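One structure is given here, and the rest of the page talks about it.
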Amino acid sequence: DRKDMPVPPKTAIRRHVLPEGLRETPGQGRQESPLTSIDFLGLDDNSTAIPPDVAGGVGLSHIMTPLNDRYRVQDKSGAVLSTSTATAFWAPLPAPSTGHTDPHVKYDQYANRWILVAQTTPLTDNYLMVAVSQSNDPTGAWNRYYIKIDIGGPIDTAMDYPLIGYNQNWLVISMNMFNTAGSTNLGTRLYVFDKAN
């Protein structure tokens, strides 16, 4: 409602209205979330990677939980379908097969695929690791990719904490950039991929 910002000409202004069941009713306040119908242990921290960097994603039939040292897939009732070390998951790639950190996973509902990212350590030999499942089943086959991040130059650079964004056409991975000593923040970098490729 800022009055000092003019609306560009020919701009359509639409008001978003929540559906009737989600609206606040005067005197009633907001409705509370329903109780969960089931709960179960995901992937517990075994103290081999500190911090564990807990992440997770939920698909149509599966839940995937990656930690710095292990990745687990469960069904929605909590049954464990697979657990692998991060090293074993990334082993098919020629990039460093140990020291994978900061994993993040998302279920892409547009393509019915899982997307998993991680980074390698140490910072002096830094790779972005990207994996995309070949189906909506994360226990099946994956396509795996790696991208060398340290581009050299006057200040050697390294990435930290890759995050995933996507839409119907693009996969975007953002990362914090540092010098390889980890002492100077050099900003943020985005990698944008055509999902069809």
Provide the gained length on full extension for the span Asp125 to Asn46, in nm with one decimal, where the gain is 0.36 nm per separating residue minus the Cα-Cα distance. 25.8 nm
Under a crude label model (7 Å from the Cα following the beta-carbon direction), how far is Ile38 from Trp170 in nanometres? 3.8
Which residue, chosen from Leu128, Ile149, Tyr107, occupies the Cα position most advanced towards the positive end of the dipole of the stretch 105-197, where the dipole is computed from +1 (Lys, Arg) and -1 (Asp, Glu) charges on Cβ about the Cα centre? Tyr107
Surface share of carbon and sulfur [accessible, 1.4 angstrom probe, percent] for the stretch 75-197: 51
Rounded to one decimal in nm, the spacing of the 7 Å Cα→Cβ label points at Asn197 and Thr184 is 3.1
For Ser135 and Ala88, extending 7 Å from Cα along the Cα-Cβ vector and measuring point to point gives, in nm, a value of 2.0
Taking the C-alpha atoms of the stretch 45-197, how large are the radius of gyration and the largest Cα-Cα span, Dmax, in Å? 15.3, 52
Residue-level accessible surface for Arg189, protein heavy atoms, 1.4 Å, Å²: 50
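The values are calculated or read from the model by the stated rules, or taken from the named source; none is laboratory data. Just so it is clear, the model here is predicted, and its values are computed rather than measured. With ideal geometry, Cβ positions are generated from the backbone for all residues, glycine too; neighbour counts draw on all protein chains shown. Surface accessibility is based on the protein's heavy atoms, side chains included, excluding ligands, DNA and RNA. Shrake-Rupley method; radii C 1.70, N 1.55, O 1.52, S 1.80 Å.
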